[in-house]
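The next block holds one structure in the form of structure tokens; read it before the comments.
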Amino acid sequence: MTASSSRTWVKPAVIGAAVLAIAGIGFAAFSQQQQAPDVTFISIDGQKISSHDLRGKVVMINFWATSCATCVKEMPQMVETYNKFKQDGLEFVAVAMSYDPPNYVLNYTETRKLPFKVALDSGGDLAKQFGDVNMTPTTFVIGKDGKILKRYLGEPDFAALHALLQKSLKS
């Protein structure tokens, strides 16, 4: 074997090892679920909802805005999802972004008869604590142990979301 042919053989082996190492790191990071932050939501009717009080339940947190076309489009399916799983113990908090005028949020909530808790993130603190959420909609599914099971950017695949909720609520 010549020096040039041994170098040719080494390169794919080195590249392959690097790819496996990166994949392993990615898998390890992906398999370690992140703990949801400890926060207190203030609902539009003034009720305090502590994430600590939600432990032991499967929770959906949906960051949205009345000015977000995708949020408005997905909201009927969010309502349907909540209504489908609430009897199994699903909790749902829709968090209006800090730039959303509270009177718009209140009007939207009342006219659409949203059946779940709606909170205001008036200072933007909740969005920061959930990893600097700035894209709406962003939805988190949190397991009974308080760990984030899934983060959806944009409208979720509702069939996959329902399958995840069904599995999580049964465990």
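The values are calculated or read from the model by the stated rules, or taken from the named source; none is laboratory data. Quick caveat, the model's predicted, so the values are computed rather than measured. For neighbour counting, all protein chains shown are included, and Cβ atoms are generated from backbone atoms with ideal geometry for every residue, glycine included. Ligands, DNA and RNA are stripped out before the accessible areas are found, and what is left, the full protein with its side chains, is counted by its heavy atoms. Shrake-Rupley method; radii C 1.70, N 1.55, O 1.52, S 1.80 Å.
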Next item on the list: Those residues that are farther than 19 Å from Lys147 by Cβ and part of a loop (DSSP other than H, G, I, E, B), I need them from region 43-61; list them, please.
Entry: Ile44, Asp45, Gly46, Gln47
Item checked: Matching residues, region 80-100, being farther than 15 Å from Asp45 by Cα and in contact with a Ser or Thr (Cβ under 9 Å, 6 or more places away or on another chain) -> Leu90, Phe92, Met97, Ser98, Tyr99, Asp100
Next item on the list: Within region 33-51, work out how many residues are open to solvent by 20 Å² or more (accessible area, probe 1.4 Å), among the aliphatic types (A, V, I, L, M) and within 19 Å of the chain's Cα centre (by Cα).
Entry: 1
Margin query: So for region 71-78 (the condition being farther than 16 Å from Thr40 by Cα, in contact with a Phe, Trp or Tyr (Cβ under 7 Å, 6 or more places away or on another chain) and assigned to a helix (DSSP H, G or I)), does at least one residue qualify?
Written below: yes
Notebook entry, point to check: Counting only residues that are out of contact with any Pro (no Cβ under 7 Å at 6 or more places or on another chain), on the phi < 0 side of the Ramachandran plot, in contact (Cβ under 8 Å) with a residue 12 or more places away in the chain and open to solvent by 10 Å² or more (accessible area, probe 1.4 Å), how many does region 52-71 have?
Noted result: 6
Next item on the list: Within region 83-119, track down each residue that is farther than 30 Å from Lys170 by Cα, surrounded by 19 or more Cβ atoms within 10 Å (Cβ to Cβ) and either among the hydrophobic types (A, V, I, L, M, F, W, C) or within 16 Å of the chain's Cα centre (by Cα) (or both).
Entry: Met97, Val105
Item checked: region 130-171 - residue that is of a type in the set (Ser, Thr, Tyr) and in contact with a Ser or Thr (Cβ under 9 Å, 6 or more places away or on another chain) and, of those, surrounded by the fewest Cβ atoms within 10 Å (Cβ to Cβ) -> Tyr152
